[in-house]
1. Quick check on the range 115-138: of everything there that is touching a helix residue (DSSP H, G or I) at 6+ places or on another chain (Cβ under 7 Å) and within 18 Å of Val18 (Cβ to Cβ), which residue is surrounded by the fewest Cβ atoms within 10 Å (Cβ to Cβ)?
2. Confirm whether Ile317 is outside any helix (DSSP H, G or I), in contact with a Leu (Cβ under 9 Å, 6 or more places away or on another chain), closer than 22 Å to Asp227 by Cβ and of a type in the set (A, V, I, L, M).
3. Determine the pairs where a residue that is under 20 Å from Glu215 (Cα atoms) and modelled with pLDDT of 75 or more, located within the range 168-192, has a partner that is in a helix (DSSP H, G or I) and polar (S, T, N, Q) with Cβ atoms under 6 Å apart, the partner being 6 or more residues away or on another chain.
4. If you take the residues of the range 275-284 that are touching a residue at least 24 places away in the same chain (Cβ under 8 Å) and of a type outside the set (S, T, N, Q), which of them is surrounded by the fewest Cβ atoms within 10 Å (Cβ to Cβ)?
5. Taking the stated definitions as given, is Leu152 of a type outside the set (Asp, Glu), surrounded by 14 or more Cβ atoms within 10 Å (Cβ to Cβ), at pLDDT below 75 and farther than 27 Å from Val330 by Cβ?
6. State whether the residues of the range 11-22 include one that is assigned to a helix (DSSP H, G or I), modelled with pLDDT of 85 or more and not aliphatic (A, V, I, L, M).
7. Within the range 175-189, track down each residue that is polar (S, T, N, Q) and surrounded by 14 or more Cβ atoms within 10 Å (Cβ to Cβ).
Amino acid sequence: MKATQKYLLTQIAFALAVLVCSPKLIFILANNERALLNNVSWTDFCVQFIFSFIFASIILYLNNNQTLSFWKRVLYSLLIYFICTIIFTLLHFKILDISESNRTIKVGYHFRDMFILCTSILTINFLKATQQKQELTLQNKSLEAENLKAHLNSLQQQLNPHFLFNSLNSLQSLMREDVEKSQIFVQNLSTVLRYSLDFQKKELITVSEELQLLEAYLYLLKIRFGDKLRLKFEKVELAKGFLPPLALQLLIENAVNHNEISTQKPLTIQVIYEKESSAIIVVNNFNPKRQNTSGGGLGLFNLNNRYELLSKKQIEITQTEGEFKVVIPVL
C-alpha cells in the first residue's frame, strides 16, 4: 500500500472517531448535568475515541485489501465488528469501573461501531470507484494521445510523397530547358528533403525553423519560375510560436500548383504575420490553371486536420474572383 493511501485511510479513521465521539465532547465542554449523571468525562471520551479510531482503521485497511473479494471483506468486517465491540465494551467497563449491567453503554457501543462499519465500507468503495474512474480517464487520454500521434504521422506521410511528386515533375521539366539550373535544383531539393525528414517526427516546429525550410524551397521556385513568381514577406520573422511542419511550404506549393504562372500573368504570393490575431496569412492573386491540377485540395485538407488534432483550431480559407487567402494560427 502506498504511503499516500495509508495517510488517507488514517485521516478517514480519525474523522470517523471524531464524528462518533462528538456528542460526548459537546457534553463535556458544555458541563452538562446529563454528562455528569452518565459519568461522561475526559477519560471516558479518550477511551471511546481511541477504540473508535482503532476499529475504524482495521475496517478501512481490511476493505482496502484488493486480494479479497467483496463478500469476503464484508464477512470479515462483520466478524471483526462483533469481536471488537465485545472486547472494547469489556475494556471500557474495566478502565472506567462501570457496572457490566449498564445496557446503555453496550447498546451505544454496538450502534457506534455499526455506524463506523457501514460508513467505512461505503467510503472505501466510493474511493475505489473514484480511483477506477480516474485510471480509466488517464487510459483514455493516453489512447487519445497515441491515436493523435498516429493520425498526425499518417497525415505527414501523405504530405511528403505529394511534395516529392510535384518536385520531381518540376525537375523533369527543368532538365529539358536548362541542365545547369536542374543541377542547382537537385542540390536545393536535397536540402528541402533533409529539412522535411528532420521535422517529420515532430508535431510542431517553431516559426523560425519553418522559415529555414521555406528559404531552401523558395530557392527552388525562383530557379524554376524566375521573375514570373513574386514573393513578399511582411513581419513573418517577428512571429513567436509554433506551426505544424511544412505548413507554409504547403501553402506556397498549393498556390504554385493551382495557378497559371507566366510573364503575362505572374503569380504574387504574400506571407504576412498579423500580431493581433497571432496568425500568418498567405494570400495570392487567383488565376487558376485551365487543366486539372494534381492534389485536389488534399494538402489543405490535411493541414486543417493537423490543426484540429493539435489545437482544436482550424485554418481559414477565403476565395474571391481575384484572390485566394489562407489564414493559419500561430500556436
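The values are calculated or read from the model by the stated rules, or taken from the named source; none is laboratory data. Just so we're clear, the structure is a prediction, and the values are computed from it rather than from any experiment. All Cβ positions, glycine included, derive from the backbone under ideal geometry; neighbour counts span all protein chains shown.
1. Phe115
2. No: the conditions fail for Ile317.
3. From residues that are under 20 Å from Glu215 (Cα atoms) and modelled with pLDDT of 75 or more, the pairs are Leu189/Ser167.
4. Ranking the candidates gives Lys275 first.
5. Considered against the rule, which asks whether it is of a type outside the set (Asp, Glu), surrounded by 14 or more Cβ atoms within 10 Å (Cβ to Cβ), at pLDDT below 75 and farther than 27 Å from Val330 by Cβ, Leu152 comes out as no.
6. Looking for residues that are assigned to a helix (DSSP H, G or I), modelled with pLDDT of 85 or more and not aliphatic (A, V, I, L, M), one finds at least one in the range 11-22, hence yes.
7. If the condition is that a residue be polar (S, T, N, Q) and surrounded by 14 or more Cβ atoms within 10 Å (Cβ to Cβ), then Ser182, Asn188 are the ones that fit.
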